[in-house]
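Trainee: If you scroll down you'll find the structure; I have some questions about it.
The values are calculated or read from the model by the stated rules, or taken from the named source; none is laboratory data. None of these values were measured; they are calculated from a predicted model. Here the Cβ is made from the backbone with ideal geometry for all residues, glycine too, and neighbour counts use every protein chain on show. The area values use the complete protein model at the heavy-atom level, side chains included, leaving out ligands, DNA and RNA. Shrake-Rupley method; radii C 1.70, N 1.55, O 1.52, S 1.80 Å.
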Amino acid sequence: MVASNSKYLCSEGYLPLQDPPTADLTKAHKLLGFIKNILSTSFDTQEEKLLEKDCATWKLHGEPTVLVTLAHIFNHFAPLMCKVYLVEDVLMNFLLGILEGGGSVDEHPLIQQLLDLFWLLMEVRAVNECLKQLMMSLLRAYRFSPIIPDLGFQTPLRVKEAGLEELIPTTWWPTHFDKEGKDERDPKDESADERLRRRAYERGCQRLKKRIEVVEELQIQILRLLLNNKDKTTGEASRYIFLNKFRKFLQENASNRGHPTALCPPEYMVCFLHRLITAVRACWDEACRKTPSSLSSEDAYVPPQLFYNGKVDYFDLQRLGGLLSHLKKTLKDDLASKANILIDPAEIQAASMDDLDEDEESGAAQRPFGAAAMGSTLVRPSWLSSPTPGRANRFLSTAAVSLMMPRRPLAQPEKVKVRSLPVEQRTEEDIEGSHGNDGLLLGRPQEEPDQPMSDKSLLEIIDGIVMMYNLSVHQQLGKMVVVADDVHEYAVALKDTEEKIARCPPRRADIMEELQKSQKVFAEKLNHLSRRLAWINATIYSKEKMLDVYWLLCVCIRTIEHADNTGSLFAFTPEFYLNVAMNAYSALKNYFSPANSMEELPGYEETLTHLAAILAKHFADPRIVGTDIKDSLMQALASYVCYPQSLRAVERIPEEQRVAMMRNLLAPYEQRPWAQTNWILVRLWRGCGFGYRYTRLPHLLKTKPEDANLPSLQKPCPSLLLQRHMAELLSLDKDMAASFLNSVLNQLNWAFSEFIGMIQEIQQAAERPERNFVDTRQLKVCATCFDLSVSLLRVLEMTVTLVPEIFLDWSRPSAELLLRRLAQLLNQVLNRVTAEKNLFDRVVNLRLPGLESVDHYPILVAVTGILVRILVDGERQGTSRAASVLLADPCFQLHSIQHLLGEAGDSSSSSTAAAPTLTALGSSVAPPPAAGSSGSSERKHFSLHAYTDYISEEERQKVEHMLTFLTEESKQAAASTAPTSEEDLCPICYAHSISAIFKPCSHKSCKACINQHLMNKKDCFFCKATITGVEDYSKPASS
């Protein structure tokens, strides 16, 4: 037996587990040869002889003698083709041998003829078994990666087994980098050798792409067969079978987000999505050619009625307006008036009981958002697998819903009953409709155009494609970017190593040896990664794949716009449509570049404008209730305004929408997440503020950013148009201006107080000998509070620059109070940051990881911008008022202003008392050290003069002018101010003179205290009587 099996030895010297069926193999080869000979033979009846002919010309019909002969052969051949060993060794090798000469299957008719004979001469069971074994054999022959490949994250892509070394023999990677580590793609800097390598690599990439395109085309052809809706015989057409199974597939993957083993691998999802888009668009356009008035696939969208007519099951996924059971109760009247959908009250009550049952089963804590963003980790409910319809859609059952016929003027609409069926029980008529039944398009709202759509089933498939992208495709696209980042990092490391080798002295052979080892490792890794990158660019980030994602983005935008036109019914739209619109744009912008630029896409600017309108309108849309989706919209808008092209798109939306967006951004900061809102306003201002033209802070220039593509690291691109809208709103709406600025001042007081409290704890922890470390989470929160303080100061600078009258025109009701609050906070910030050897200095000098952004420059320059605007740039009357308020504040210290120009000296330190000064922020300011203390003379002071690249000469002159002006004003104030007795001071703050009297109780305080108090309460400080009015008070002259 060993001798007979010698030719079957494995490469390692081991025998296979199964002995080859030698007799059956010989028999099958002979029978297959007989079949081939008969197909290439014809019978001349006149001369009674056999003639040879090309087997390509043989036809199934016409020669009964040949068919009878083949039938006898198949009586023996058919049973053999049910055995897996024979199928793989005989039939598959025979078919592959036909294709060795090249060309597609259509160019080799012998394959088609053989399959036709299988269908004709073999029994159904035998044909099924043979084709099944043939398919499995082909899969085994062409599989070169694990069953669940992760393309390099769990199991690395097997470059050698994939044949990438043969297809791409020459590798290439970038070798020129700028100061920030970015690639410099200038062909002029390439050497001749680099140019040859790059071109050879690009040719290899093209060869790989052509090989991949062949496989992709086969996959598309398979999907086209599955999407065929004309092959209905005794059962359903293929498309409707596929549609039901596709929906079940999405249901399983949406419900098993917490169980990765039960999910379809994301690598397969990416490929499936792209092939399905191509196949669906081809079917759509084919149907469009038959109905010229219908929409082309370029203009495709999902009509809004699919979201509420119960024809499509969304597995209890979150809607924009919340839970479906809630929406059907609150919007039943709108459904009846706008979409002709009537809901039986008894069914509403039944649906409510279903919700209660689900709460008891899954726990009340899991119910509110469930699988809201398709990212929850809840265990899949048992009812999702049952053949009954989803409970979320059960209110649209026969007893619950009646749909009116299309609206006819002057006639009573007829009512028709519709059924809400389980996915697997739907028929073609339920989907496509017939004889007045609109199928999936039942319940068309008045605002929705009556657009003819021939194949309504494709709408549900497109809806599934959008859902599939949200499930895992976008996440996988983001993962693949890591390979390009790895190539870049290894290329930088290799270049750095080569430079070190060039500088290494000859006498240090040991160092040279280590460097050469590193060089070899980096080069080998880059060879491997560059081939993997070629594979990923061909399969994931190609131009064709980019166009697919762009088409999906446009579908989502049009779908959202049509749903928005329905008014309150917009709340039925699933959340994932907005998620996919935002994520698809992010993928096009961040993942496909620089190889493919989004600017080259057709209609790029118009699409950006439409997306900008969606973000601007819906980030504060009251119809959207989900916290997660609201945050996502806010973050997307914040990122959108950071880039010049997308910011210009925001400026191109209609003026009414721009003004509404700015009004929403200027809503008071209380009772809502305001940090992202504030960040948006800051980005609109960045580039116009005092010393605010930087991309990175001065003290961080020598460090390499983790990701240079972050929105916060983009060059300033202010919007003068949106600033003008903001100025107009704040100027005309006095109440809104007052509430907005008071909320900004409140948040600044909170953020800076939190920051000071945290750096006190950090300083104490750092000085503790037994525990010399600080919690990283605490450091992150501390840095966040500092960044919030700076951004709030910049919004105040923006406001006081655009609308100075809010603070300086005291004819406005709240101007004086706002100016006093602003002066108080500015003085406190300055005192904290500029005091000698203070807490802020000590923490900054620690240079702790996580506190990189904490430095003197950003916060002092922001404060300086506000002071310059109110003390230098304004009118004389306004600057005098601002100076008097600033000087009247008990926390004001002139040396804090002098510190900005590095002029603080002994006089400033001696002017402060030795005792700590207690402030309203809740912690004490440590006094500066006495003159002559150790280290005080050696310390380098902060000075705006040191930042010549950031502060213009004009700005420095304004600061010097401000310092001169305040010095003169403080001298005059000191000379003219008479001593104030304690009886004349405000009994609340003991900082200002009594200037207001309350009615009717006649108690007194300063205006600042009573105005701030009346913002929250209406009762008197002292007697708790209700204050009905406040009048000015001046002390009567003594007799």
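Trainee: Starting from the Cα of residue 631, step 7 Å along the direction of its Cβ; do the same at residue 27; then give the gap between the two resulting points in nm.
Mentor: With each label placed 7 Å out from Cα toward Cβ, I get 6.9 nm.
Trainee: Ok, one more. R0 = 35 Å: FRET efficiency of residue 648 with residue 520, Cβ-based, nearest 0.05? Don't skip to the end; give the middle numbers.
Mentor: Numbers: r = 49 Å, r/R0 = 1.39.
So, using R0 = 35 Å, E works out to roughly 0.10.
Trainee: Okay, next question. Net charge within 12 Å of residue 796 by Cβ-Cβ distance, Lys/Arg positive one each and Asp/Glu negative one each, not counting residue 796 itself?
Mentor: +2
Trainee: Still on this structure, please answer the following. Work out how much length residue 811 to residue 336 would gain on full extension: take 0.36 nm times their residue separation and subtract the Cα-Cα distance, in nm to one decimal. It would help to have the intermediate numbers written out before the result.
Mentor: Numbers: separation 475, 0.36 × 475 = 171.00 nm, distance 5.24 nm.
My answer for the length gained is 165.8 nm.
Trainee: Just to verify a number: FRET efficiency for residue 544 and residue 965, C-beta to C-beta distance, R0 = 51 Å, to 0.05?
Mentor: Working: r = 65 Å, r/R0 = 1.27.
Here the calculated transfer efficiency is 0.20.
Trainee: Could you tell me which of the pairs 248/332; 132/230; 999/1024 are separated by over 19 angstrom between their Cα atoms in the structure shown?
Mentor: Checking Cα-Cα distances, 248/332; 132/230 exceed 19 Å.
Trainee: Quickly work out the residue 481-to-residue 781 label distance, labels modelled 7 Å from Cα along the C-beta direction, and quote it in nm with one decimal.
Mentor: 3.0 nm
Trainee: In sequence order, what are the phi-derived ³J(HN,Hα) couplings for the stretch 274-282 according to the Karplus relation 6.51 cos²θ - 1.76 cosθ + 1.60 with θ = phi - 60°, rounded to whole Hz, with x for glycine and proline?
Mentor: In residue order, the calculated couplings are 5, 5, 5, 4, 4, 5, 5, 5, 5 Hz.
Trainee: Which pairs break 21 Å Cα to Cα here: 734/1007; 210/543; 36/210?
Mentor: Details: 734/1007 19 Å; 210/543 14 Å; 36/210 32 Å.
Check vs 21 Å cut-off fails for 36/210.
Trainee: Something else about it: For the stretch 478-540, build the convex hull from the C-alpha positions and give me its volume per residue in Å³.
Mentor: So the per-residue hull volume is 62 Å³.
Trainee: A further question follows. Output the peptides 460-466, 83-89, 875-881 sorted from most to least packed, where packing is the average of other Cβ atoms within 10 Å over each peptide's residues. Please list the in-between numbers first.
Mentor: Numbers: 460-466: 22.3, 83-89: 18.7, 875-881: 15.0.
Taking the mean over residues of other Cβ atoms within 10 Å, the ranking is 460-466, 83-89, 875-881.
Trainee: Please report, in debye to the nearest 20, how large the charge dipole of the stretch 984-1032 is about its Cα centre when each Lys and Arg carries +1 at its beta carbon and each Asp and Glu carries -1 there.
Mentor: Values: 6 positive and 4 negative charges, 39 e Å.
Rounded to the nearest 20 debye, it is 180 debye.
Trainee: A further question follows. Cβ neighbours within 10 Å, averaged per peptide: list 658-666, 303-311 in order, most packed at the top.
Mentor: Peptide ranking by packing, descending: 303-311, 658-666.
Trainee: Tally up the carbon and sulfur contribution to the accessible surface of the stretch 984-1032 as a whole percent, 1.4 Å probe, everything protein left in place.
Mentor: Within the stretch 984-1032, the accessible surface is 49 percent carbon and sulfur.
Trainee: Over the stretch 478-540, with every protein chain in place, what whole percent of the accessible area is carbon and sulfur at 1.4 Å, could you tell me?
Mentor: Its accessible area is 52 percent carbon and sulfur atoms.
Trainee: Eight or more residues apart or on different chains, and alpha-carbon atoms under 25 Å: count the Lys pairs in the stretch 478-540 matching that.
Mentor: The number of close lysine pairs in the stretch 478-540 is 8.
Trainee: Work through the residues other than residue 24 whose Cβ is under 10 Å from its Cβ and net out their charges, Lys, Arg +1 and Asp, Glu -1. Intermediate values should be presented prior to the final figure.
Mentor: Numbers: positive: 27, 83; negative: 89.
Net charge in that neighbourhood comes out at +1.
Trainee: Show the residues, 5+ positions off or on another chain, whose built amide H is closer than 5 Å to the amide H of residue 228.
Mentor: Residues meeting the amide H criterion: 239.
Trainee: Relative to the present Cα-Cα distance, how much length would full extension add between residue 763 and residue 192 at 0.36 nm per residue of separation?
Mentor: This chain segment gains 199.8 nm when fully extended.
Trainee: Taking the Cα-to-Cβ direction at residue 693 and at residue 112 and moving 7 Å from each Cα, how far apart do the two end points lie in nm?
Mentor: Distance between label points: 7.1 nm.
Trainee: Here's something else I'd like to know. Just need the relative contact order of the stretch 478-540 here, percent rounded to a whole number, with Cα pairs under 8 Å and 6+ apart. Spell out each step's value before the answer.
Mentor: Details: 28 pairs, mean separation 30.3, N = 63.
It comes to 48 percent, rounded to a whole number.
Trainee: Quick one: compute the contact order of the stretch 984-1032, relative version, from alpha carbon pairs under 8 angstrom and 6+ residues apart, as a percent.
Mentor: Working: 70 pairs, mean separation 17.7, N = 49.
So the answer I get is 36 percent.
Trainee: What FRET efficiency comes out for the pair residue 941/residue 720, r = Cβ-Cβ distance, R0 = 41 Å, nearest 0.05?
Mentor: Once rounded, the FRET efficiency stands at 0.70.
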